Amino acid sequence: MNRGVLTRNYKCILSTFTRAPHIYPVAKSFGRISALTIRLREYASGNTKEEEILTRIESMRATAHLGGGIKRITTQHKKGKLTARERLDLLLDPGSFREYDTFVEHQCTDFGMEKNKIIGDGVVTGHGTINGRRIFVFSQDFTAFGGSLSKMHAQKICKIMDKAVLVGAPVVGLNDSGGARIQEGVDSLAGYADIFQKNVLSSGVVPQISLIMGPCAGGAVYSPALTDFTFMVRDTSYLFVTGPDVVKAVTNEDVTQEELGGAKAHTVKSGVAHNAFENDIEALQRIRDFIDFLPLSNREQTPIRCTDDPITREDPSLNHIIPVDSTKAYDVRDVITRLVDDSNFFEIMPDYAKNIVIGFARMGGQTVSIVGNQPLVSSGVLDINSSVKASRFVRFCDAFNIPIITLVDVPGFLPGTAQEHNGIIRHGAKLLYAYAEATVPKITIILRKAYGGAYDVMSSKHLRGDINYGWPTGEIAVMGAKGAVEIIFRHVEDRTQAEKEYIDKFANPIPAAQRGFLDDIILPATTRRRIIEDLITLKHKKLPIIYKKHDNMPL
């Protein structure tokens, strides 16, 4: 392509930007290309052959930055969605993105595909920084072949995953794909399997985060499922193994995409997704905030952030936050926000299994994970969903050296045939297993109830808890007073005095403290200071690990 043709093409593109200012981020990318163009021409001045090659490179790079073209970009915007490159501009620090494999094209020659190629092949890959910290990223481009996955598309993703493990940096995937590229047949399926294998090998080595920003269907859903956290965008993102048409054909059930695999379905009902955001911009900003809590890899410490919140701060309101009547509910998040730095708590899965609360915060500038029973929902009882939700979170935190703070107010496991028949024994054991195997610092505060097997499960001293505190309101017993009295004193007519005797003897933290199961009974107002001091003490904690190929937790 000669310079005259190239100049006309550039003018045409710039004219399009002028008519469509909403594609400004693409124009920004074009501006970077133009700067590169000048530098390349300076390099090639005086050499006709080199000028021709560099002119061709410039043209290809400009074409790659437009993905499937201006028309498809406009369609993407009309759907309320950003393009792959616009998303990267918002996710990463300005000017930090270093792209890999810009010029890759698919190699398919069937069904006329050799005549239909788009530079980049539907995915943008590379690395950049978030708040100055390195991450690797891929962003699927729905404007190019609908973001469908080909052999080369998968190869690009696998390459950045390998590099992320090599240097120790998180991987963030921005998913917006129609699924496998049918024209490539088994090559496309092999590409998915290659990505799945990389997900598994990277698990526990570097954090893996999936952000679903469009459709993700069929085999493609298993990659997000294998990552550590999956987030969605409301109304524009979908996750399902089989779409509405297949469901209709097989089960004769009429269902929309949103009902089948939308954000609400997966954040409220299935628990597949960890949270959902209103639009692309909010989602990308929240991912930036989220990444800031995490270490870069399992070999790195969590980032320390400066705070004006004093380590020694005491909150007298905590002394009265637990209702006198043990049957009355309160919001455990009110306790959490009073303990952590600047009341900043990033909750994970806030709409699923609400009877347990999990998330990240900072204490003394250090990232900590919080697990707390929620008395506001079902009295904070443990059931199948809450056990699975908390156990996976605990295992992630253990893998990446994030201290675990557990706030206990649990009346036990949920009884009933539905829970028993659906496997509460097996699923409840997951949480027990997760806490028992964790070697990171574990600090537990019993706020009120700690009854039965649930007391053991919630990071008790018996599961290698490092520091276990009780508030004066703590009640540690096999069961509540009324149930215990009905068993112990079932032949006694006047059970009022018997119930009072049981409460005086067991419905307080003293017996556990006398046996060394609690390290101390503390004033609630001093909890923040005590936890931060303990985190400093436990900073260099090391536990011997018995050799084994891998464990066999109850899945």
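Here are the numbers:
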{"read-out": "Number of positions in the stretch 503-514 that are without any contact (Cβ under 8 Å) to a residue 12 or more places away in the chain and either in contact with a Lys or Arg (Cβ under 9 Å, 6 or more places away or on another chain) or more than 18 Å from residue 444 (Cβ to Cβ) (or both)", "value": "2"}
{"read-out": "Test: residue in the stretch 391-398 that is among the acidic types (Asp, Glu), within 20 Å of the chain's Cα centre (by Cα) and within 27 Å of residue 541 (Cα to Cα)", "value": "yes"}
{"read-out": "For residue 373: the one exception among (1) in contact with an Asp or Glu (Cβ under 6 Å, 6 or more places away or on another chain); (2) more than 24 Å from residue 482 (Cα to Cα)", "value": "(2)"}
{"read-out": "Check on residue 380, at positive phi and open to solvent by less than 10 Å² (accessible area, probe 1.4 Å)", "value": "yes"}
{"read-out": "Cross-chain or 6+ apart pairs with Cβ under 7 Å, the stretch 231-257 first and closer than 20 Å to residue 210 by Cα, then surrounded by fewer than 16 Cβ atoms within 10 Å (Cβ to Cβ) and among the acidic types (Asp, Glu)", "value": "234/278"}
{"read-out": "Qualifying residue in the stretch 498-519 (condition: among the hydroxyl-bearing types (Ser, Thr, Tyr) and over 14 Å from residue 475 (Cα atoms))", "value": "no"}
{"read-out": "Identity of the residue in the stretch 383-425, in contact (Cβ under 8 Å) with a residue 40 or more places away in the chain and of a type in the set (D, E, K, R), that ends up most open to solvent (accessible area, probe 1.4 Å)", "value": "392"}
{"read-out": "Qualifying residues in the stretch 472-514 (those that are hydroxyl-bearing (Ser, Thr, Tyr) and either at pLDDT 90 or above or within 16 Å of residue 451 (Cα to Cα) (or both)) - the one nearest to the chain's Cα centre (by Cα)", "value": "473"}
{"read-out": "First in the stretch 307-318 and under 13 Å from residue 343 (Cα atoms) and of a type in the set (Ser, Thr, Tyr), second anywhere and at pLDDT 95 or above and surrounded by fewer than 16 Cβ atoms within 10 Å (Cβ to Cβ), Cβ under 7 Å, 6 or more apart", "value": "307/342; 307/365"}
{"read-out": "Whichever residue in the stretch 169-194 is open to solvent by less than 10 Å² (accessible area, probe 1.4 Å) and assigned to a helix (DSSP H, G or I) and, among such residues, is farthest from residue 88 (Cα to Cα)", "value": "188"}
{"read-out": "Helices (runs of 4 or more DSSP H) lying entirely in the stretch 241-338 (those with 1 or more residues that are among the small types (Gly, Ala, Ser) and surrounded by 13 or more Cβ atoms within 10 Å (Cβ to Cβ))", "value": "257-261, 280-291"}
{"read-out": "Per-region count, the stretch 205-225, residues closer than 13 Å to residue 396 by Cβ and open to solvent by 20 Å² or more (accessible area, probe 1.4 Å)", "value": "1"}
{"read-out": "Lone qualifier among 387, 379 - being within 21 Å of residue 479 (Cα to Cα), touching a His at 6+ places or on another chain (Cβ under 8 Å), outside any strand (DSSP E or B) and not acidic (Asp, Glu)", "value": "387"}
{"read-out": "Cβ pairs under 7 Å, 6+ apart, first in the stretch 278-304 and over 20 Å from residue 362 (Cβ atoms), second open to solvent by 70 Å² or more (accessible area, probe 1.4 Å) and not hydrophobic (A, V, I, L, M, F, W, C)", "value": "278/234"}
{"read-out": "Matching residues in the stretch 405-425 - criterion: being within 22 Å of residue 460 (Cα to Cα), among the aliphatic types (A, V, I, L, M) and not in a loop (DSSP other than H, G, I, E, B)", "value": "405, 407, 408, 410, 424, 425"}
{"read-out": "Residue tally, condition open to solvent by less than 10 Å² (accessible area, probe 1.4 Å), of a type in the set (A, V, I, L, M, F, W, C) and assigned to a helix (DSSP H, G or I), over the stretch 426-441", "value": "2"}
{"read-out": "Breaking point among (1) surrounded by fewer than 24 Cβ atoms within 10 Å (Cβ to Cβ); (2) closer than 21 Å to residue 538 by Cβ, for residue 444", "value": "(1)"}
{"read-out": "Count of residues meeting criterion [part of a strand (DSSP E or B), open to solvent by 10 Å² or more (accessible area, probe 1.4 Å) and over 19 Å from residue 428 (Cβ atoms)] in the stretch 449-468", "value": "1"}
{"read-out": "Hits in the stretch 204-223 - residues which are touching a residue at least 60 places away in the same chain (Cβ under 8 Å), within 22 Å of residue 550 (Cα to Cα) and within 13 Å of the chain's Cα centre (by Cα)", "value": "206, 207"}
{"read-out": "Residue 473 vs. criteria open to solvent by 10 Å² or more (accessible area, probe 1.4 Å) and part of a loop (DSSP other than H, G, I, E, B)", "value": "yes"}
{"read-out": "Whichever residue in the stretch 207-240 is of a type in the set (Gly, Ala, Ser) and assigned to a strand (DSSP E or B) and, among such residues, is nearest to residue 76 (Cα to Cα)", "value": "217"}
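The values are calculated or read from the model by the stated rules, or taken from the named source; none is laboratory data. What you see is a predicted model, and the numbers here were worked out from it, not measured in a lab. With ideal geometry, Cβ positions are generated from the backbone for all residues, glycine too; neighbour counts draw on all protein chains shown. Remember, those area values only see protein heavy atoms, side chains included, never the ligands or the DNA or RNA. Shrake-Rupley method; radii C 1.70, N 1.55, O 1.52, S 1.80 Å.
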